[in-house]
Each structure stands twice: as structure tokens, then as C-alpha cells.
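I have placed the structure first, in the form of C-alpha cells, so that the comments after it can refer back to it.
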Amino acid sequence: MILNEFSYIAVPPRTGGLEEDVRALLEANGKDKTFRHVRDVAGANAAIAAQYGLDAEKCRAAALLHDISAVIRPADMLAWAQARGYALCEAELQHPFLLHQRLSRVIAETWFGVADGEILSPIECHTTLKPNAAPGDMALFIADKLAWDQEGRPPFYDAVSEALGRSLEAASLAYMDYMEVSGLLLCPHSLWTAARQWLRGR
Ligand SMILES: [Fe+2]
Ligand SMILES: [Fe+2]
């Protein structure tokens, strides 16, 4: 199991309650701030689920687990993925933290026992989105950005919230366009680029 492969990660026993177990693992590894973030994202994603008729429990679960790989150091994320022959894009090689979406999925499957693709898929693409994204994929992508992990309200908040009143696609594209126009993308991930093209064609 991936968590046992890193000697510095404390792995508390699971109790079966998802939020409690996510909290225990994150806090045992000094990631209290990440827990507060994922709890906020779970609230935001449940609201989006209600707005768009999605499964609220799956949306909450995906949100709680989406950043669970924060317990792994970014350099180790890269080494772990390379050792397993993962196909990596240039952005992941330059910024290994981008791998956290893929490794969070691995932890969700192997430690939390999640097998539902409607929970795993949003976790795996929450930073980049992907072409042909499902509503649940877009919901977590947006919730993660609106309930961001930095101080104050994000600068794109109004644009993305307003677009969310129209559609999940519009809100996803509003965030992507903001990032592109602001020059905040250091190196676009191949999935990000493909997802934005897909959204612009809809
Ligand atoms: Fe993340
Ligand atoms: Fe996040």
C-alpha cells in the first residue's frame, strides 16, 4: 500500500467514517490546513451537487479525498510515479506537485477502499480537468477553486460563481480562461489544454 512505502508517513488505523479517517491521516502528518480545505471543498461540492442534481454523497467523498496525497512529498510523488512507469507530461516533470491528483486517487483506492469511478475520476482530474469530463468531474474542479486553500476570496471568484449559474461547463471554462489570461499557468498540463479545447468547442 502506497502510504507504507514512505517511512515518514504516519498511518493511523481507519475507523470506517470517511471524514474522520481523512482528518486522522492528514492531521497525523501535520496537514491540518489541508483538512480544513478539503472540508470546505466538500461543502462547496455538496452545494454544487444540489444545484445540478448530482449525487451529494459521492461529491462529498471525492472532495474529502481529493488532496489526501498531501502527506507525500512532491519529489517522492515523482519518484514513485516514475518507478511505476507512469506516462508523465512535461508539466508533471517540471512541477511534480501536479501528480498529487493521480496519487490521491491511488490512496483513495488502496487505503480508503473506494472503487466507484464517479468518486475516483473527479479526484484524479481535479487540478487539470480532462476532455469529456463528467458533471462530477467539473463539480469538484470548480468547488476546489471556489473554496481555495489561500487567504481571502480568490480573484476569479465572481467570474466563476456567475458562470456556475449558467452551467458546469461555463464555470470550468471561466476558471481556465482566468488562469490563462492572467499568465498564472507556469506550464500547462496536457489534460488541461485538451479539456479547455473541449470546453471551448461545446
Ligand atoms: Fe489539489
Ligand atoms: Fe484542493
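Where a number appears in this text, it was derived from the coordinates with a stated rule and is not lab data. Quantities reported herein were computed from a predicted structural model and do not represent experimental measurements. For neighbour counting, all protein chains shown are included, and Cβ atoms are generated from backbone atoms with ideal geometry for every residue, glycine included.
Data table
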item	result
Dimensionless Rg/Rh of segment 2-200 - Kirkwood Rh, Rg from C-alpha atoms	0.95
Neighbour-count order for 193, 15, 34, fewest beta carbons within 10 angstrom listed first	15, 193, 34
Cα centre as origin, Lys/Arg/Asp/Glu Cβ charges: the chain dipole, Debye	160 debye
Loop-located chymotrypsin sites (Phe, Trp or Tyr not before Pro) in segment 1-92 whose Cβ has at most 16 other Cβ within 10 Å (DSSP)	6, 8, 86
Compactness of segment 55-140, expressed as Rg and Dmax over alpha-carbon positions, Å	12.5, 36
Helix-derived mean residue ellipticity, 222 nm - over the chain, DSSP H n ≥ 4, -39500 (n - 2.57), to 500	-18000 deg cm²/dmol
Exposure proxy ranking, count of Cβ atoms within 10 Å, fewest first, for 36, 105, 200, 23	200, 36, 23, 105
Alpha carbon centroid spacing (whole Å) that separates segment 1-70 from segment 125-202	21 Å
Relative contact order [Cα under 8 Å, 6+ residues apart], segment 2-200, whole percent	20 percent
Table column - 3J(HN,Hα) (Hz), segment 7-17, Karplus curve with 6.51, -1.76, 1.60, x for Gly and Pro	5, 7, 8, 7, 10, x, x, 7, 9, x, x
For the chain, with +1 on Lys and Arg beta carbons and -1 on Asp and Glu, the positive-most of 142, 190, 163 along the dipole	190
Cleavage-rule hits, GluC sites (Glu not before Pro), segment 1-102, DSSP coil, Cβ neighbours within 10 Å at most 16	none
